[in-house]
Amino acid sequence: MDPELLTLMEPLMSAAAELEPPAIGDVTTRRERAIPFFQALGQLRGPISGVDMTRHCLTASDGTEVDLAWYVPTSEPSGGAVLYLHGGGMIYSLAETRPGYDAVLRTYVAATGTPMLMVDYRVAPEHPDPTPVEDCYAALCWLAENVATLDVDPARLAVAGDSAGGGLAAGVSLLARDRGGPALAAQLLIYPMLDDRTTVEDPHLAPELLTWNYEDNITGWGALLGDRAGVDGVSIYAAPARAQDLAGLPPTYIDVGDLDIFRDEDIAYAARLSAAGVPTELHVHPGCPHAFEALAPTAAVSARVVADRIRRLRSI
């Protein structure tokens with residue numbers, strides 16, 4: 001691990017080591033532990049000024065009302081807008097993660113001047129595939145339908161997300177391509193969760209350094225896909241790594257640490273995007289585990305990766 005990250009993350013890693021690991025499939029325990037964890041992540045960033053947030057809702061295809069949060073800078077907005085999809089392994093909603101992601105979106109909006117929409121998409125296992133990605137696609141459609149009210153340029157819409165949210169962002173981009181819109185100017189995939197077949201341990205990744213491990217991954221994909229996880233026939237919108245044709249997707253940014261179990265699937269996706277003619281920027285950060293910049297926001301490598309994301313968000 002990056003030495004500075006190791007120093008900053010040591011208290012968290014020591015505390016985690018004292019807990020009995022939850023069993024594969026134990027969503028309840030993982031959710032209970034996520035609540036104080038994401039509260040702590042929000043507190044790490046401290047107060048963030050210069051951003052206002054308003055609440056909205058959309059009606060999903062099955063009639064369910066889904067909550068939206070619209071973050072805008074108090075200064076002049078850039079004219080573009082981003083649908084940001086939160087992480088959480090397909091099993092955490094904003095009920096568990098909101099404090100952390102409220103801080104994340106405020107950070108990006110304050111730094112870029114680009115408004116962001118966050119959707120409280122429904123999660124598995126209560127709402128298995130295709131509900132999560134369809135909720136996210138519905139949020140993109142809501143954003144596109146309300147550009148005039150929100151004062152957004154319809155030619156400057158993007159989708160972004162991290163971890164499970166990164167996988168959902170990739171799925172939404174595929175849906176938007178295959179359904180004829182809304183048109184996307186970019187997709188930003190932050191250590192995205194793309195492939196349900198990532199279940200075999202990499203012997204080069206020390207288990208004690210994994211902040212999202214293989215048992216977590218099997219639990220998340222199992223909740224989303226049930227007994228379909230890892231077998232043929234999984235939807236490309238649920239697991240975008242399974243898509244054979246990546247042509248026609250928007251310009252893409254991907255970053256991942258090399259101590260992340262998603263490393264290989266993310267590198268492979270970036271290579272296949274490039275081979276399909278999609279302008280693609282890929283960063284692989286040595287010595288960095290999953291979500292490293294959230295766990296140690298003051299580290300030099302965290303500052304570098306956030307600066308890269310801000311640069312791309314400003315270009316939308």
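Numerical summary
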read-out	value
Label point 7 Å beyond Cα of residue 300 along Cβ direction - residues of the stretch 1-24 with amide nitrogen under 17 Å	1-9
Whether the stretch 223-265 is rounded, prolate or oblate, judged on the alpha carbon gyration tensor where a/c under 1.5 counts as rounded	oblate
With DNA, RNA and ligands ignored, accessible area of residue 292 (1.4 Å probe; Å², nearest 10)	0
Residues of the stretch 191-225 with amide N under 20 Å of the 7 Å Cα→Cβ point at residue 32	213, 215-217, 219-220, 223
Convex hull volume per residue for the stretch 252-316, taking Cα atoms only, in Å³	72
Antiparallel bridges, percent of DSSP beta bridges restricted to the stretch 52-195 (to nearest 5)	50
Other-chain or far-sequence residues with amide H under 5 Å of residue 259's (modelled H)	287, 288
Projected label distance in nm at residue 199 and residue 314, using a 7 Å step from Cα toward the beta-carbon	4.4
Extension reserve of the residue 245-residue 268 stretch, reckoned as 0.36 nm per residue once the Cα distance is removed	6.9 nm
For the chain: rounded, prolate or oblate by the Cα gyration tensor [a/c cutoff 1.5]	rounded
Distance in nm between pseudo-label sites at residue 76 and residue 281 (7 Å out along the Cβ direction from Cα)	2.3
Extreme residue, positive dipole direction of the stretch 192-316, given options 302, 248, 267 (C-beta unit charges)	248
Label-point gap, in nm, between residue 4 and residue 149 - each point 7 angstrom along Cα→Cβ	4.4
Protection proxy ranking, peptides 18-27, 51-60, 69-78, average beta carbon neighbours within 10 Å, highest first	69-78, 51-60, 18-27
Gain in span if fully extended, residue 183 to residue 39, counting 0.36 nm per residue against the direct Cα distance	48.4 nm
Three-way shape label, the stretch 160-316, alpha-carbon gyration tensor, a/c 1.5	oblate
Antiparallel DSSP beta bridges within the stretch 137-293, percent to nearest 5	0
Coordinate range along principal axes, alpha carbons of the stretch 35-131, Å, largest first	39, 30, 17
Highest average packing first - 111-121, 90-100, 176-186, Cβ atoms within 10 Å	111-121, 90-100, 176-186
Relative contact order (percent, whole number), the stretch 144-228, Cα cutoff 8 Å, 6+ residue spacing	25
Accessible-area composition of the chain, carbon plus sulfur, in percent [1.4 Å probe]	55
Listed residue (209, 109, 193) projecting farthest to the positive dipole end of the stretch 78-222, Cβ model	109
Mean accessible surface per residue for the chain, computed with a 1.4 Å probe while every protein chain stays in place, in Å²	40
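The values are calculated or read from the model by the stated rules, or taken from the named source; none is laboratory data. The model shown is predicted, which means the values in this text are computed figures rather than measured ones. Reconstructed Cβ throughout: ideal geometry from the backbone, glycine too, with neighbour counts over all protein chains shown. What goes into the accessible areas is simple: the full protein's heavy atoms, side chains included, and nothing from ligands, DNA or RNA. Shrake-Rupley method; radii C 1.70, N 1.55, O 1.52, S 1.80 Å.
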